[in-house]
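Below is one structure; the comments refer to it alone.
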Amino acid sequence: MMSSLAATQLVPLAEELDKNKVTPGVLGFIVFAVIGVAVWFLMKSMNRHMKRVDFVEEPAADAAPASSAQAPKTS
């Protein structure tokens, strides 16, 4: 009963809006700005973590003998 009463009171507000001039408004801008700041902090954190990585790839143990066996012999 209360939900139908609330809905009937909001209908006149929706009819007054011009459908061609509806914009996201201040709330939309705030949400977009918060998402942008969050992405900036995540990228900064990712760069900090990637600088800590010290990765040197070592050759596999079974790949070393195979490459030396196939090397051409010079005489």
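The values are calculated or read from the model by the stated rules, or taken from the named source; none is laboratory data. Source: prediction; values computed, not measured. All Cβ positions, even for glycine, are placed from backbone atoms using ideal geometry, and neighbour counts span all protein chains on display.
Tabulated data for the structure shown
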{"read-out": "Any pair with Cβ under 7 angstrom, 6 or more apart, that starts in segment 21-49 at a residue that is loosely packed, with under 10 Cβ neighbours inside 10 Å and ends at one that is among the basic types (Lys, Arg)", "value": "none"}
{"read-out": "In segment 50-59, residue surrounded by the fewest Cβ atoms within 10 Å (Cβ to Cβ) [restricted to those that are of a type in the set (A, V, I, L, M) and more than 21 Å from the chain's Cα centre (by Cα)]", "value": "Val56"}
{"read-out": "Filter result (of a type outside the set (Val, Ile, Thr) and either modelled with pLDDT of 85 or more or in contact with a Pro (Cβ under 8 Å, 6 or more places away or on another chain) (or both)) within segment 42-56", "value": "Leu42, Met43, Lys44, Ser45, Met46, Asn47, Arg48, His49, Met50, Lys51, Arg52, Asp54"}
